[in-house]
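Please find one structure pasted underneath; my questions will follow.
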Amino acid sequence: MLSMNAFMRFSHHRNPPYLATPAGSFKRTVSFGYWTPYLPEVTDALNEFYITNPIKDVIKDNVIVLNEPGLAGFLQRHYYDSVAVDTLKSIGDMTFFKYRLVNSSVQQAEGK
């Protein structure tokens, strides 16, 4: 999961902007914004990974967030009691984050 800005920057490294996006490109990379979350390929990929709410589900084990270190506050205001974010890796301007619940009782109460 990544912001639209990070998605565009990442996409330009993967595929030049003057070429069409190859089929299958959105299977493992989902943008938080603009129109891409509603593409059939994206909704199919989200269903395949059991993601029903892309923001709320960033705490799932199978979700990594690119270049969005500030979601913990939002998640704590709207969904969970305590969320932590870990930096997995940084490559140039891209940083990979993993969000997780800090309190396991909240995780169990949510049925995760």
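Rule-based calculations on the coordinates, nothing more; no lab input. Remember, predicted model here, so these are calculated numbers, not experimental data.
Under 1.5 on a/c is rounded, so check that first for region 43-109, then, if it is not, pick prolate when a/b is larger than b/c and oblate when it is not; a ≥ b ≥ c are the square roots of the alpha carbon gyration tensor eigenvalues. Working shown, then result.
Values: a/c = 1.89, a/b = 1.16, b/c = 1.63.
Judged from the Cα gyration tensor, region 43-109 comes out oblate (a/c at least 1.5, b/c at or above a/b).
Search the structure for amide H atoms under 5 Å from the amide H of VAL30, placed 1.01 Å from N in the peptide plane, and list their residues when 5 or more places away or on another chain.
Close amide H contacts, sequence-distant or interchain: LEU2.
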